[in-house]
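Q: Have a look at this one.
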Amino acid sequence: MSAKKKTLANLDTNYKHKYDAYIERQKRKKQRLVRRLVLFSIVVMVTFGSMAAYHFKQRSIQAEKTEQYEQLEDKLATLKKEEKNLHEEIKLLNNEEYVLEIARTNYFFSKKGELIFNLPDEEPSY
């Protein structure tokens, strides 16, 4: 039996032609569906990838801005402290007695009859 070839005769009927055409249409329809699904999945993946890249870029920018904001906050606090000190110094410089005291200590001005001796800050080396 195995030596015999089994062959089927190909019927050339109208039904067979219509059925073959139907099968061919179904194959093409399935192929178009697969192509559409592949294209859609590629578009979705590209969209998701670009959104993820944009998200990570925005996170890094936000982290930089936060760091910059903290640095500026520190600088602002330092400047406010300096401004407060300068206002206090202005108040003190408006006081005549304070100005005279600074002149006596820094510039060696003296009152009448007063002698000023300038002592070295260093230790003697003997």
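For every residue, the table says whether it meets (1) at pLDDT 95 or above; (2) small (Gly, Ala, Ser).
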residue	(1), (2)
43	yes, no
52	yes, yes
63	yes, yes
69	yes, no
79	yes, no
82	yes, no
90	no, no
101	no, no
112	no, no
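Rundown of residues vs (1) surrounded by 10 or more Cβ atoms within 10 Å (Cβ to Cβ); (2) at pLDDT 95 or above; (3) part of a helix (DSSP H, G or I); (4) in contact with a Leu (Cβ under 9 Å, 6 or more places away or on another chain), yes/no style:
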site	(1), (2), (3), (4)
27	yes, yes, yes, no
38	yes, yes, yes, no
49	yes, yes, yes, no
66	yes, yes, yes, no
98	yes, no, yes, yes
117	no, no, no, no
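Q: On to the next question. Name the pairs whose Cβ atoms lie under 9 Å apart, with the first residue in the range 97-108 and more than 21 Å from residue 119 (Cβ to Cβ), the second modelled with pLDDT of 85 or more and not charged (D, E, K, R), and 6 or more positions between them or separate chains?
A: 98/92; 99/92; 99/93
Q: Let me ask something else about it. Condition check: outside any helix (DSSP H, G or I) and either touching a strand residue (DSSP E or B) at 6+ places or on another chain (Cβ under 9 Å) or surrounded by 10 or more Cβ atoms within 10 Å (Cβ to Cβ) (or both). Does residue 109 satisfy that?
A: Against the criterion (outside any helix (DSSP H, G or I) and either touching a strand residue (DSSP E or B) at 6+ places or on another chain (Cβ under 9 Å) or surrounded by 10 or more Cβ atoms within 10 Å (Cβ to Cβ) (or both)), residue 109 qualifies.
Q: Do we have residue 19 as surrounded by 10 or more Cβ atoms within 10 Å (Cβ to Cβ) and free of Cβ contacts under 8 Å to residues at least 40 places away in the same chain here?
A: When the stated conditions are applied, residue 19 passes them.
Q: Same structure again: Regarding the range 76-84, can at least one residue be identified that is in a helix (DSSP H, G or I), of a type in the set (Asp, Glu) and surrounded by 10 or more Cβ atoms within 10 Å (Cβ to Cβ)?
A: Yes - at least one qualifying residue is present in the range 76-84.
The values are calculated or read from the model by the stated rules, or taken from the named source; none is laboratory data. Quick caveat, the model's predicted, so the values are computed rather than measured. As a convention, Cβ positions derive from the backbone with ideal geometry for all residues, glycine included, and neighbour counts pool all protein chains shown.
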